[in-house]
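The values are calculated or read from the model by the stated rules, or taken from the named source; none is laboratory data. Every value quoted in this text rests on a predicted model; they were computed, and no experiment measured them. Cβ placement follows ideal geometry from the backbone for every residue including glycine, while neighbour counts extend to all protein chains displayed.
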């Protein structure tokens, strides 16, 4: 029986992280960038949980992953509120229009 090792988890986490970074770099609307940030945070969470399972850290990695999930939920709520406010003022969520906000 073939078991899943630490390298497999790290590979999936790296793929999630790279997909998130590419999504943040390529997308031009706010929702797409938020999706990229969530992918990056999920890649980091997968690393934390995998290292807590395969090393002597114990539950420390899982507790840190829980804090990252709480941080991601707060970030998503605040960012969506900002995006809705930006949409109400400019009728678009295009990030390039944000240069008008410089004071």
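Some observations on this one:
- Conditions (1) within 30 Å of residue 6 (Cβ to Cβ); (2) in contact with a helix residue (DSSP H, G or I) (Cβ under 7 Å, 6 or more places away or on another chain); (3) at pLDDT below 85; (4) assigned to a helix (DSSP H, G or I); number of the one not met by residue 58: (4)
- Flag for residue 18 being at pLDDT below 90, farther than 22 Å from residue 96 by Cβ and part of a helix (DSSP H, G or I): no
- Residue satisfying condition, being touching a residue at least 40 places away in the same chain (Cβ under 8 Å) and either part of a helix (DSSP H, G or I) or out of contact with any strand residue (DSSP E or B) (no Cβ under 8 Å at 6 or more places or on another chain) (or both), within set 13, 65, 50: 50
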